[in-house]
1. Between R196, R185, which is charged (D, E, K, R) and buried (at least 17 other Cβ atoms within 10 Å of the Cβ)?
2. In segment 325-379, which residue that is among the β-branched types (V, I, T) and in a loop (DSSP other than H, G, I, E, B) is modelled with the lowest pLDDT?
3. Tell me which residues, restricted to segment 29-75, are over 19 Å from the mean Cα position of the chain (by Cα) and among the aromatic types (F, W, Y).
4. From A116, A137, A98, grab the single residue that is farther than 30 Å from Q194 by Cβ, touching a residue at least 12 places away in the same chain (Cβ under 8 Å) and either out of contact with any strand residue (DSSP E or B) (no Cβ under 9 Å at 6 or more places or on another chain) or not small (G, A, S) (or both).
5. Looking at segment 92-100, can you tell me whether even one residue there is loosely packed, with under 15 Cβ neighbours inside 10 Å, part of a helix (DSSP H, G or I), hydroxyl-bearing (S, T, Y) and modelled with pLDDT of 85 or more?
Amino acid sequence: MSKTRLALVGIAVVAVAVFVMRGRGRTEGTLAEVSTVSRTESLQSYVTASGEIVATRYADLGSSAMGRLVQLSVREGDVVKAGQVLARIDPVQAASTADAAAAGVRALEADAEGAANQIKASQAELAAAEARSSDAARVLTRARELRISGLVAQSEVDTAQANADAASAQVRSAQAAIDRLQQARSAAERRVAQGRAEVSRARDQLAKTDITAPIDGVITRLDVEEGEMVVIGVQNQPGTILMTISDLSSINAEVKVAEADVLRLGLDNAATVSLEALPGKKFAGKVAEIGASALPQTGTQAAAREFKVKVRLEGSDLGALRPGLTCDAEILVARRSNVLTVPLQAVVQRPGADGTPQTGVFVVTDGIARFTPTTTGIIGGLTIEVDGLQEGATIVSGPFQVLRELKDGAQVRTK
């Protein structure tokens with residue numbers, strides 16, 4: 001036999017041997033990826049969310065007076081103090097209304113003062129009338145006594161009676177005049193009070209033509225120009241927003257957290273915030289506020305609910321941050337030390353003896369995969385805390401298709 005033929009025969013024998021070995025391998029079990037149960041010194045679980053930078057305190061300034069903006073004293077980025085006049089709306093109409101109201105009040109006050117003076121004069125007349133009535137009553141009494149003694153004629157008694165009646169009538173007339181004047185004074189005082197209220201309203205409207213800063217801060221948004229018309233808000237129609245003042249001494253990251261994660265959060269949870277605008281730089285913070293209700297959904301398609309969470313940033317290097325910058329937050333919700341962990345995808349569920357789903361992993365021993373129930377803990381990245389397993393044990397960790405179909409007691413081959 002030639003050398004060439006011997007070489008071909010040898011190649012054929014090797015090929016058959018390889019084919020047989022591969023066929024045997026396929027019958028010896030399922031090919032799977034494995035890993036080991038390892039001990040982790042520190043396992044940390046995070047909730048991630050995205051949002052934007054906002055000032056802890058800010059104010060959107062509108063206008064309570066309508067008119068033309070005749071003065072704008074600030075620009076975007078200016079630092080302002082509480083009470084500082086930032087802009088002024090044309091005050092001519094408001095000032096004239098306030099002046100007219102003040103003049104009306106002065107006239108009403110004069111009427112009320114006149115009524116008070118008349119009451120004083122009438123009270124003096126009443127006192128005089130009461131004195132005359134008292135004298136007439138005494139004269140009548142004396143005349144009646146003398147008439148009984150026969151010392152005076154009946155005509156004198158009648159005259160005394162008439163004088164007493166006239167004096168009493170004068171008293172009643174003076175009292176009635178005083179009552180009328182008091183009513184008039186009360187009405188005048190009510191008109192004065194209404195006028196003063198109108199003056200207060202007019203002066204308030206005049207004061208509102210000056211737009212002042214309610215807080216210390218920075219002008220972070222300026223939406224108007226000098227000369228524009230400013231309108232006030234009415235029902236279903238918002239008014240003009242002139243500018244936004246933000247207190248940049250305290251900064252929040254306002255993020256939206258999925259409903260599946262929000263219950264894991266707690267106040268003062270440590271967080272790390274990063275910004276696309278400042279790559280490589282991270283800011284430390286703590287959870288300061290967790291929304292009590294889900295955010296309103298927009299659109300007609302159903303979507304997962306989200307909750308607003310505010311992270312208060314800490315540190316002295318916050319000066320570069322500006323409201324509106326997008327950010328990502330990583331919030332630490334749990335930490336465990338010296339725990340056993342396995343890859344997250346290795347944990348599966350299988351029905352127990354009573355049909356109830358059990359959580360566990362497939363432990364590989366001598367090429368056989370045994371489903372082993374385990375208790376899981378926190379998730380840290382792509383690993384999960386487990387209890388009930390031996391450190392260093394070999395477990396099936398993938399692929400997903402193999403884990404989904406793997407049965408207890410199945411033969412496996414490891415990659």
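1. Answer to the selection: R185.
2. Among those that are among the β-branched types (V, I, T) and in a loop (DSSP other than H, G, I, E, B), it is T356.
3. Y46
4. Selected residue: A137, the only one of A116, A137, A98 that is farther than 30 Å from Q194 by Cβ, touching a residue at least 12 places away in the same chain (Cβ under 8 Å) and either out of contact with any strand residue (DSSP E or B) (no Cβ under 9 Å at 6 or more places or on another chain) or not small (G, A, S) (or both).
5. Within segment 92-100 (the criterion being loosely packed, with under 15 Cβ neighbours inside 10 Å, part of a helix (DSSP H, G or I), hydroxyl-bearing (S, T, Y) and modelled with pLDDT of 85 or more), the answer is yes, since at least one residue qualifies.
Residues checked against (1) over 26 Å from D317 (Cα atoms); (2) over 19 Å from the mean Cα position of the chain (by Cα); (3) not assigned by TED's automatic domain parsing to the domain that holds I378:
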position	(1), (2), (3)
I241	yes, no, yes
V255	no, no, yes
D261	yes, yes, yes
G266	no, no, yes
N269	no, yes, yes
V273	no, yes, yes
E276	no, yes, yes
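The rows are residues; the columns are (1) surrounded by fewer than 15 Cβ atoms within 10 Å (Cβ to Cβ); (2) more than 25 Å from T212 (Cα to Cα); (3) in the same structural domain as L181 (by TED's automatic domain parsing); (4) of a type in the set (D, E, K, R).
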site: G77; (1), (2), (3), (4): yes, no, no, no
site: R138; (1), (2), (3), (4): yes, yes, yes, yes
site: T141; (1), (2), (3), (4): yes, yes, yes, no
site: L151; (1), (2), (3), (4): yes, yes, yes, no
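The values are calculated or read from the model by the stated rules, or taken from the named source; none is laboratory data. None of the values given here were measured: they were computed from a predicted structure. Glycine also receives a Cβ, built like all others from the backbone with ideal geometry; neighbour counts cover every protein chain displayed.
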